[in-house]
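Below is one structure; the comments refer to it alone.
The values are calculated or read from the model by the stated rules, or taken from the named source; none is laboratory data. Computed from a predicted structure; not experimentally measured. Don't worry about glycine lacking a Cβ; one is built from the backbone with ideal geometry, like all the others, and counts go over all protein chains shown.
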Amino acid sequence: MDPKDRPPVIAAGQDRSGERHQGKRRSRTIAARRLGKVDFSDGMPYEAELEEYRPASRNDCVEGPRPCPWISCKYHLYLDVNPRTGSIKLNFPDIEPWEMIHSCVLDIADRGPVTLEDVGRIMNLTRERIRQLEASASTKIRGTRLAQEYSNFVVERPAKPPAAARPAPPAPARLVEDEEFGEEAD
């Protein structure tokens, strides 16, 4: 076999841009132990000055600028903070927060049902990973005390009306013979 005809060898973990991630870069996690070395306060106003602009409720946020500038909000899609380890996961390491098309989970939820493919595209995850997260969340919700209480609750449905009150089903269509051609017609 000619060496030029062989497929390229790709090391484990090496990104085949465009094949595995459809042109998107995978998310990147910054460990909490590395965050102590980074100074985030360069040129930023004091937090007290920012608090007067920060939305306090969803009603304050609905008409706000989009993409949302408040990346520290727990509903913002740009980054996630692991409460257990304190690490920060950048969901979109290849773009800046102001370049995002969808920045708020609540805006997406207001639009109504979304397919797994759309959720995966919005969150920079695969469809399969979204399905796994959905299954895990459903299992956790079913195990809660509130869900168990609701499982015992039966919604009373109105009784079916008696047969005399129900409308009669339509009569089946009858075939009529066409006299001119001696065939059946509809």
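Things worth noting here:
- Top-ranked residue of region 91-101 - restricted to ones that are closer than 10 Å to residue 68 by Cβ and not aliphatic (A, V, I, L, M), ranked as surrounded by the most Cβ atoms within 10 Å (Cβ to Cβ): 97
- Residues of region 48-79 that turn out to be under 19 Å from the mean Cα position of the chain (by Cα), of a type in the set (Lys, Arg) and either over 19 Å from residue 27 (Cα atoms) or surrounded by 12 or more Cβ atoms within 10 Å (Cβ to Cβ) (or both), as a count: 2
- Among the conditions (1) among the β-branched types (Val, Ile, Thr); (2) under 21 Å from residue 27 (Cβ atoms); (3) modelled with pLDDT under 90, the only one that residue 105 does not satisfy is (3).
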